[in-house]
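Chemist: I have a structure I would like to understand better, so I am pasting it below and will then ask my questions one at a time.
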Amino acid sequence: MSQDESVGEKMEMDPSQKVLEIDKKYASFRVLPKPDEVNDKNFPPHLHAAAQLFMMTGMIPQVKQMKLDVDRFMETLQAGPDGKSSFALGTACVCWQCGHVGLPSNADEVGEKLLLSGICRKCKSDEQTNYVKLTQADGTAVPWLEPKETVDIPENAVPEPVPQQASNMPVASAPARSQEDKGLLSSIAHGM
């Protein structure tokens, strides 16, 4: 099974479980490695691989957040401009802590050269973010766009808590999983 196919299809074992589908188009969203990540063989090259990584490591809230953000972006692109809405444009970041994909809160300081780490607009962290670029088949880049009202968040807004995650790192206890999350993890484990 190729990396692009492993998450792209329906993942389902138990018909009562909700199915999480990651569109193959996620592979068009390239994740830009930082200089120290360039030669890392485990670095996910695109958001499809990032979804797979989140799922394989039990980071269900993060993959759900990523899916919500990317699907919303794709729906906005597909709908086209309505002549009334105002959008902010730029280069998105993926936050590995909370799963959010969107314009960083420091987008104005970052500029086009992307020299600064992006600060996640959702959890306010810049510890684990990477820029994301959508490139069309002809090589042209598509800017990330978000409705202005989601971008114009006051600086003193309280960040949302970062969801706890299961990992191989030593922790006191793993978070409790819902039946839905357990079904998703089981589907992935049996589908590979």
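The values are calculated or read from the model by the stated rules, or taken from the named source; none is laboratory data. A quick note: this is a predicted structure, and the numbers were derived from the prediction, not measured. Every residue, glycine among them, receives a Cβ derived from its backbone with ideal geometry; neighbour counts consider all protein chains shown.
Chemist: In segment 129-140, what residues are free of Cβ contacts under 8 Å to residues at least 40 places away in the same chain and within 12 Å of the chain's Cα centre (by Cα)?
Modeler: Answer for segment 129-140, where residues must be free of Cβ contacts under 8 Å to residues at least 40 places away in the same chain and within 12 Å of the chain's Cα centre (by Cα): just Thr129.
Chemist: Moving on to the next point. May I ask you to list pairs of residues, at least six apart or on different chains, whose Cβ atoms are under 9 Å apart, with the first in segment 27-40 being touching a residue at least 24 places away in the same chain (Cβ under 8 Å) and of a type in the set (Asp, Glu) and the second being surrounded by 10 or more Cβ atoms within 10 Å (Cβ to Cβ) and outside any strand (DSSP E or B)?
Modeler: Glu37/Phe43
Chemist: Could you count how many residues in segment 48-62 are crowded, with 21+ Cβ neighbours inside 10 Å and under 15 Å from Gln128 (Cα atoms)?
Modeler: Adding up the residues that qualify gives 4.
For (1) over 17 Å from Leu32 (Cβ atoms); (2) at pLDDT 90 or above; (3) in contact with a Lys or Arg (Cβ under 9 Å, 6 or more places away or on another chain), each residue gets a yes or a no:
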residue	(1), (2), (3)
Thr91	no, yes, yes
Cys95	no, yes, yes
Arg121	yes, yes, no
Glu149	yes, no, no
Ile153	yes, no, yes
Ala166	yes, no, yes
Ser173	yes, no, no
Ser186	yes, no, no
Ala189	yes, no, no
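Chemist: Taking segment 75-128, which residues are of a type in the set (Gly, Ala, Ser), assigned to a loop (DSSP other than H, G, I, E, B) and surrounded by fewer than 18 Cβ atoms within 10 Å (Cβ to Cβ)?
Modeler: Correct list: Gly80, Gly83, Ser85, Ser86, Gly111.
Chemist: Whether any residue in segment 50-62 is assigned to a strand (DSSP E or B), touching a Phe, Trp or Tyr at 6+ places or on another chain (Cβ under 8 Å) and under 21 Å from Lys122 (Cα atoms) is what I want to check.
Modeler: Scanning segment 50-62 turns up no residue that is assigned to a strand (DSSP E or B), touching a Phe, Trp or Tyr at 6+ places or on another chain (Cβ under 8 Å) and under 21 Å from Lys122 (Cα atoms).
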